[in-house]
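See below for the structure under consideration.
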Amino acid sequence: MKLPRTYYNPTSLFGTILASVSALIIIFFLVAMTLFEAEESGSYAGIFIYLILPVFLILGLILIPVGMSRRAKRIKREGEGSVVSKIVLDLNNQRHWNAMGLFILGSILFLLLTGIGTYKAFHYTESNKFCGTLCHSVMEPEHTAYQESAHSRVTCVECHVGEGAQWYVRSKLSGLYQVYSVLFNKYPSPIETPIHSLRPARETCEECHWPEKFYSYNLRNEKNFLADSANTEWNIMLQMKIGSEHSAHGLVEGVHWHINSDVKVEYIASDRRREYLPWVRYVNRATGDTIVYTDIYETLDQEAMDTLELREMDCLDCHNRPSHQFLPPQKFTDDLIAAGIIPVELPEIKSLAMQVFNNTFNTRDSGSLFIREYVTDFYQTAYPAVAAEQAPLIEQAIEGLLLGYNKNIFPEMKATWDAYPNHIGHSEYNGCFRCHNGNHESEEGELISRDCNLCHTILAQGNAENYQTSPVDKPMEFIHPVDIEEAWKEMACADCHRYLY
């Protein structure tokens, strides 16, 4: 089969080879991944198949006509009148028929591959694999925490992008800068939060969570272990008032009163992480009543307020770590002991864990080595009999601590519980106490309540020897596991519990 003489030039031939090889590689990998179900083999395969190889395919196809045009001009310049610079299609000429057939066949194949590639590229760039594992060193903390979260079956883009072309385009433009940041090491460690450009929760979260249909009350049973020699178990059962006492009452009371459609709560934060809220405004949409509360210990002048963001409270102001939560050591250690992964019978294991994680590590490997050596040396020195007789339990404890460490602490990215405060609750972070700390007062002298019973009531608490219970309708007063008298009433829990002692 002969083609026009202008086709036979190095540029067009190279373009043909480049396009053909790229197309064959794409087809080979697509067939292989389909037949052998190898799509999960690695995130980089998708980058080559759907993003990189198509570029070479298109480049090769462009080189073919470029080379033919240059060849035609050269032949004309050399005096051969059989070739003209303009395109002439003569279907009575067998060579033209051959070129036309190849062009049509190549165009169909190209459009087919382009359609498949575009479809695959779209879905690949929207996949969890692309978001979480492509830039592994940067996104490892978020991806690891995401897989342990309640939203692990919700795709990243459903929360971070949502529906609609506008936000899709915005996310891709933002992604270009993120790629640049990774390539040139311009990203911060840890990644800064909150994401100030995140889509409003009503356009993402509320696609699944219907605010008006929250359950009324639910029970929460927490199992904790004290940092004493016996790892004393301390349980507390809470009745969480996430809605009204009766679901028919809607959101007139309880935790989710804050997102009642008849209520608007606004605030100004004095820091980027929104941990300190010195100014809060309550607006009753139905009556128009407005109350402004200011922190009596941290006031903002008008000039400062004009430079800070006024934000209306939504789901993410409390549920700020719905899929990327890094548990504090006291929490994940309690969970591992309760699950039997860390043996509770080892003396001082809870206290030892707190000592271990009170250190800062530079790399994952150095932290792992330190944990293993520290625990081993501790029992050999403080409990030589235990070290000699209970070596398997010590090894089990080490593996348990490493498990919690690897899921919640990421030294290279400086991603830890302290870097990412969780605003749900008030034990390790200010959380609810950002507003409900008893310091926010209106001009009329009204305070935002600090009463614990607004959000939950205690139904049972204590250790195995002294487990106290009460009727459902009669809440108990909190008993601090360690006797600190009345100090817990005057200070925020996070003042102690955020740090390891």
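The values are calculated or read from the model by the stated rules, or taken from the named source; none is laboratory data. Because the structure is a prediction, the values reported are computed rather than measured. Neighbour counts are summed over all protein chains in view; Cβ atoms, including those assigned to glycine, are modelled from backbone coordinates with ideal geometry.
Assess whether Glu207 counts as being acidic (Asp, Glu) and more than 15 Å from the chain's Cα centre (by Cα). When the stated conditions are applied, Glu207 passes them. Just a yes or no: is a residue in segment 215-222 within 20 Å of Ile342 (Cβ to Cβ) and touching an Asp or Glu at 6+ places or on another chain (Cβ under 9 Å)? Yes, because at least one residue in segment 215-222 is within 20 Å of Ile342 (Cβ to Cβ) and touching an Asp or Glu at 6+ places or on another chain (Cβ under 9 Å). Checked against the criterion of being closer than 30 Å to Pro347 by Cβ, within 28 Å of the chain's Cα centre (by Cα) and not in a loop (DSSP other than H, G, I, E, B), the candidates Lys264, Lys223 yield just one match: Lys223.
Note on segment 451-461: among residues that are under 13 Å from Val255 (Cα atoms) and of a type outside the set (Val, Ile, Thr), the one that is surrounded by the fewest Cβ atoms within 10 Å (Cβ to Cβ) is Asp451.
Criterion first (free of Cβ contacts under 8 Å to residues at least 24 places away in the same chain, within 15 Å of Met313 (Cα to Cα) and surrounded by fewer than 15 Cβ atoms within 10 Å (Cβ to Cβ)) does Asn284 satisfy it?
Numbers: free of Cβ contacts under 8 Å to residues at least 24 places away in the same chain: yes; within 15 Å of Met313 (Cα to Cα): yes; surrounded by fewer than 15 Cβ atoms within 10 Å (Cβ to Cβ): yes.
Spelling it out, Asn284 is indeed free of Cβ contacts under 8 Å to residues at least 24 places away in the same chain, within 15 Å of Met313 (Cα to Cα) and surrounded by fewer than 15 Cβ atoms within 10 Å (Cβ to Cβ).
Of all residues in segment 179-198, those that are at negative phi have Cβ atoms under 6 Å from Cβ atoms of residues that are part of a loop (DSSP other than H, G, I, E, B) and surrounded by 14 or more Cβ atoms within 10 Å (Cβ to Cβ), 6 or more apart or on another chain, in Ser181/Tyr187; Val182/Cys135; Ser189/Lys414; Pro190/Lys414; Pro190/Ala419. Are any of the residues in segment 264-272 in contact (Cβ under 8 Å) with a residue 40 or more places away in the chain and closer than 28 Å to Lys407 by Cα? Yes: one or more hits.
Glu298 - would you say it is farther than 21 Å from Ala145 by Cα, crowded, with 17+ Cβ neighbours inside 10 Å and not hydroxyl-bearing (Ser, Thr, Tyr)? Taking the combined requirement at face value, the residue does not satisfy it.
Out of segment 226-238, which residues are of a type outside the set (Ser, Thr, Tyr) and either farther than 25 Å from Pro329 by Cα or assigned to a loop (DSSP other than H, G, I, E, B) (or both)? Scanning segment 226-238 gives Leu226, Ala227, Asp228, Ala230, Asn231.
Looking for whichever is within 21 Å of the chain's Cα centre (by Cα), crowded, with 18+ Cβ neighbours inside 10 Å and either of a type outside the set (Val, Ile, Thr) or not assigned by TED's automatic domain parsing to the domain that holds Asn235 (or both) here; the options are His423, His440. Which one fits? Can you show your working first?
On the way: His440 fails: within 21 Å of the chain's Cα centre (by Cα).
The match here is His423.
Being surrounded by fewer than 11 Cβ atoms within 10 Å (Cβ to Cβ) and among the small types (Gly, Ala, Ser) is a property that holds for Ala464. Inclusion of His436 among residues that are closer than 16 Å to Trp279 by Cβ, part of a loop (DSSP other than H, G, I, E, B) and of a type outside the set (A, V, I, L, M) is warranted. A Cβ distance below 9 Å, combined with a sequence gap of six or more or placement on separate chains, defines the contacts here; from segment 142-157, residues that are touching a residue at least 24 places away in the same chain (Cβ under 8 Å) reach residues that are part of a loop (DSSP other than H, G, I, E, B) and of a type in the set (D, E, K, R) in the pairs Ala145/Arg321; Ser149/Arg321; Thr155/Glu126; Cys156/Glu126; Val157/Glu126.
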